[in-house]
Amino acid sequence: MLKNGRPFKVKGKEVLLYPISTLASELTRVLKETRTTQTIRKWEVKGVLPNATFRFKGKRFYAEEQIRTICKVAKECNIKQGASLTLTNFSIRVKEELAEVNKELLGLNK
């Protein structure tokens, strides 16, 4: 169970969302290497990760499904600190898989 979730209304539906710090903590846990909120922001700016789907008052939030997807792909792509992400297919895979997760989250599959 993830910590620090807060309920938000998204398209009339209540969704539990987590701050960027939760994503950083989960990446750290899964990869067994420290990942910070700053790393995630840099990945977003560089286009490694797509922009956070949910932003409130300038802060990035993620649904549990998004966090699980990002962590799963990072582990499968064997993301290592100091190694070039361009040598992996992490960016492509995470964008594709998040697109599917986001369709479900936003009710676009109906």
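The values are calculated or read from the model by the stated rules, or taken from the named source; none is laboratory data. Please read all numbers here as calculations on a predicted model, not as lab measurements. Using ideal geometry, Cβ is built from the backbone for each residue, glycine included, and neighbour counts are taken over all protein chains shown. Remember, those area values only see protein heavy atoms, side chains included, never the ligands or the DNA or RNA. Shrake-Rupley method; radii C 1.70, N 1.55, O 1.52, S 1.80 Å.
Things to note:
- Any hit, segment 22-42, residues being part of a strand (DSSP E or B) and out of contact with any Phe, Trp or Tyr (no Cβ under 6 Å at 6 or more places or on another chain): no
- Output for segment 56-99, where each listed residue is farther than 19 Å from GLU26 by Cβ and not hydrophobic (A, V, I, L, M, F, W, C): LYS57, GLY58, GLY82, SER84, THR86, ASN89, GLU96
- Every pair of residues 6+ apart whose Cβ atoms lie under 8 Å, when the first sits in segment 42-67 and is on the phi < 0 side of the Ramachandran plot while the second is among the aromatic types (Phe, Trp, Tyr) and assigned to a helix (DSSP H, G or I): VAL48/PHE90; LEU49/TRP43
- Scanning segment 56-92 for residues that are within 13 Å of PRO19 (Cα to Cα) and of a type outside the set (A, V, I, L, M) yields PHE56, LYS57, GLY58, LYS59, ARG60, PHE61, TYR62, GLU64, GLN66.
- Leading residue by the ranking (surrounded by the most Cβ atoms within 10 Å (Cβ to Cβ)) among those in segment 42-61 that are in contact with a strand residue (DSSP E or B) (Cβ under 8 Å, 6 or more places away or on another chain) and of a type in the set (Lys, Arg): ARG60
- Test: residue in segment 1-16 that is in contact with a helix residue (DSSP H, G or I) (Cβ under 8 Å, 6 or more places away or on another chain), touching a residue at least 12 places away in the same chain (Cβ under 8 Å) and assigned to a helix (DSSP H, G or I): no
- Filtered residue count, segment 82-110, keeping only those that are open to solvent by less than 50 Å² (accessible area, probe 1.4 Å), in a helix (DSSP H, G or I) and modelled with pLDDT under 90: 2
- When segment 20-41 is filtered for residues that are of a type outside the set (Val, Ile, Thr) and surrounded by fewer than 18 Cβ atoms within 10 Å (Cβ to Cβ), the ones remaining, listed by number, are SER21, ARG29, LEU31, LYS32, GLU33, GLN38, ARG41.
- Residue within segment 49-60 that is under 27 Å from ALA83 (Cα atoms), charged (D, E, K, R), outside any strand (DSSP E or B) and at pLDDT below 95 present: no
- Any hit, segment 65-77, residues being among the acidic types (Asp, Glu), open to solvent by 60 Å² or more (accessible area, probe 1.4 Å) and either part of a strand (DSSP E or B) or under 24 Å from ARG6 (Cβ atoms) (or both): yes
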